[in-house]
Structure formats: C-alpha cells, structure tokens
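I have placed the structure first, in the form of structure tokens, so that the comments after it can refer back to it.
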Amino acid sequence: MQTTKLTADSILPLTCSRSGTCCFGKAVMLNPWELFSFSKEKEISPRKFRDLYTDFGGIRLTFNGKPDKKGQLACSQYIENHGCSVHKGRPLACRLYPLGRQIQFNKAHYIYEGKQFPCLTDCAEVLDLPKLSVGEYLQGQGANPFEKAQDEYLIIMQNIADIAFELLLDTGLSASGDTKTLAVWREMGTEIPEILAERIGKDWIDSLMIPTITEAIDNPTEFAKEHNNLLQLKAQEAFGSLQTLEQVHKACILMMGVALHLSRGLGADTKGVSELWIETAKSHGAKE
C-alpha cells in the first residue's frame, strides 16, 4: 500500500471528531510506559491492567467490546456513546491516529497509508472541523512524552539484543561452530506473539512489561532508564555464571526473544528486525 509522508507543517483535517470510529477493530500495541500510564489513569496496578485488558503478556491492548456496524470489536476501554474511559492515559498509537510514526536515520517521520487521508473514509465529519498542522495536532494530543518513551524503549530493545549478541559472540558459542542459535532467531522473528510470549516465560514477560519500579516516576525518560537498569541487572544475575555452551545457547535465545517481543510492542517489523540482527551476527562470524 502507498505510504504518504508528512512534515510537521503539513495541513490536514486532524481535529478529533470523537466519533469513536478509531476505537474499533485496531491493533494497538503497547510499550511498558504506556501500560503504566493506562493503569495510572485506570487507578489500578500495572499488573492488574495487564492481566485484564491486554494480550500476549501486555504488548497489545485487548479489543473485546461491543462490535460496530462493520462487525469490528470495540477497544476494552471504550464506553458506548462516551468514548475512551481512560483518554488521558491513552498510548501513542491513539494519540497519533490516523498517523503513523517512523524512525529513519534517527529522525522521526509521520505517515499515513493510502492515497486518501484515512479519516475521510470513516469520519467524513472531520471535513467540517478546523484544520490543523501535524505539529499542532501532536501538541494538542500531548504526544511528546509518549514519543520520548517510544524512543527510549527502542534503545532498550537494542540493549537487550546486545546481551544476546554478547552471549553468542563473546562466550565461545559462535566459535564452537554453533548454527542452531541464528536459526532460532529467524524462527522467533516470524512466530505469532502467543508462541513467543510462551517461549520467553512469565518471569521475563513480567520483568519486561510490568517492571518493579518502587519510586513514583512520572517522567517517561527516567522511567525507561530505570527499567533498563533493572533488565540489565536481571540479565547479569541470571547469566553471570553459565557453565556450558548449551546454557549459553538457551540464554542467547531467551534474550533475543525478549528483544523481539518488545519490538512488536513498539510496532516494529519484528521479522525485519530479526533478519537485521541475524545479518549483523553473521558479519561478526556467527554461522547459520
């Protein structure tokens, strides 16, 4: 499908019509900060919100409400004739809709798919609303802190993957002639999220999506950095005394699985990310 790229100065009918059309039939992916923000607005614990309202260990918002006239299920947080029940805590995907956000060469681009602006199809009433620039729309949606969280978690995703690289390349596993590890990396890149979550296991899923951060941190950058520290410490404690190459192999698979699971929550192309990391490992001597 054709993708249209926008600048912050692009003018489009972006004022929200609040008709709720965007609350049906979508796949809203979540990073840990967004899950935390949702739970705070809901006034329940992140664990409870995760268990009640998300799929695959917390990376996707559940859509199991009353269907619309097209048969699309409503978001679990949608209230008929009212809208989002936790609007102030909504994630970046909801704040941007119908726009998408791409990071290329460390620069963010805003896009939408198709030749015609999506809202004109399902929410034609936006034609009667004031027009805004993309920049004005994002400011009004309070997107900035959620964009910062997204960027921080992209760094964390790479940090987790780097642990897998170290286990593969710096322990003797790759030098031993191992070919199993990259094969599993490729397999995980195309696994459905239920299977990948099961492979990772509850302990690491919990550490990834509902970190035990005892201090009240409202800044997304600080939250993400503290989360990164917790994940790095957990990996050190778990893998600091591995004895056999088979143990190293399993740890390497686990860490790459965690990184790929997070990539899906960030809305990345998990298969593409996996292939990129496989080629990077091969360029450093790993074999498949």
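The values are calculated or read from the model by the stated rules, or taken from the named source; none is laboratory data. All values derive from a computational prediction rather than experimental measurement. Glycine also receives a Cβ, built like all others from the backbone with ideal geometry; neighbour counts cover every protein chain displayed.
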Worksheet item: over 22 Å from residue 148 (Cβ atoms), assigned to a helix (DSSP H, G or I) and at pLDDT 95 or above - does that describe any residue in segment 259-266?
Response: yes
Response to the item:
residue 147: passes all of (1) out of contact with any strand residue (DSSP E or B) (no Cβ under 8 Å at 6 or more places or on another chain); (2) at pLDDT below 95 but (1)
Response to the item:
Given (1) at pLDDT below 95; (2) among the charged types (D, E, K, R); (3) over 30 Å from residue 27 (Cα atoms), residue 237 misses just (1)
Discussion item. Step by step: first the residues of segment 274-288, then only those that are among the aliphatic types (A, V, I, L, M) and within 15 Å of residue 187 (Cα to Cα), then the one that is surrounded by the most Cβ atoms within 10 Å (Cβ to Cβ). Which residue is that?
Written reply: 278
Discussion item. Every residue in segment 158-178 that is surrounded by 22 or more Cβ atoms within 10 Å (Cβ to Cβ) and not β-branched (Val, Ile, Thr), please.
Written reply: 161, 164, 167, 168, 173, 174
